[in-house]
1. Points 7 angstrom from Cα along the Cβ direction at residue 18 and residue 37: gap in nanometres?
2. Amide H of residue 55 versus every other amide H placed in the peptide plane: which residues, excluding those fewer than 5 positions away on the same chain, fall under 5 Å?
3. Taking amide H positions as placed in the peptide plane 1.01 Å from N, state which residues far from residue 33 in sequence (5 or more) or on other chains have amide H under 5 Å from it.
4. Net charge near residue 18: determine it from the other residues with C-beta under 14 Å of the C-beta of residue 18, scoring Lys and Arg +1 and Asp and Glu -1.
5. Taking segment 1-42, which trypsin sites (Lys or Arg not before Pro) meet the DSSP loop condition and have no more than 12 other C-beta atoms within 10 Å?
6. What spacing in nm lies between the two simple spin-label points modelled at residue 46 and residue 5, each 7 Å away from Cα in the Cβ direction?
7. For the Cα atoms of the chain, what angle does the longest principal axis make with the long axis of helix 77-90, in degrees from 0 to 90, nearest 10?
8. Kirkwood-based Rg over Rh for the chain (C-alpha set), two decimals?
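Nothing in this text is a laboratory measurement; each read-out follows from the coordinates by a stated rule. All figures in this text were calculated on a predicted structure; none of them were measured in a lab. Note that we place each Cβ from the backbone using ideal geometry, even for glycine, and neighbour counts take in every protein chain shown.
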Amino acid sequence: MAQQRLYRLIGADGRPYLSVQPGKLGGHRRLKGYGRLDCPSALRWIAKGYYVRHRVFFADEATAVAAGYRPCAICMPEAYRAWKAAEIRSE
């Protein structure tokens, strides 16, 4: 019997958990940002050997937001603009 692969995702509470489904979004633990898995900015940093140690994954955008992460300005510009506008209003 083949063993099922498990993926480590971050939940809405910010804590990791194992899932049989891979994450749909990636993020950076220290910068608290999230974006698409094909984000050009993240891929450039990964290619240079950075970022990987702090990489996290999320099942969906709502979970990333609930965990306290912000959208990427490069691969998710509309969501980033909305987040930034909300941040400015709350100051």
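1. Result: 2.0 nm between the two label points.
2. It is 29, by chain and number.
3. 28, 70
4. Values: positive: 5, 8, 15; negative: none.
Its environment carries a net charge of +3.
5. Working: sites: 5, 8, 24, 29, 30, 32, 36; in loops: 5, 24, 29, 30, 32.
Qualifying residues, ordered by number: 5, 30.
6. Taking the two extended label points, one gets 1.3 nm.
7. Taking Cα atoms only, the helix is inclined about 60 degrees.
8. On the way: Rg = 14.0 Å, Rh = 13.8 Å.
Rounded to two decimals, Rg over Rh is 1.02.
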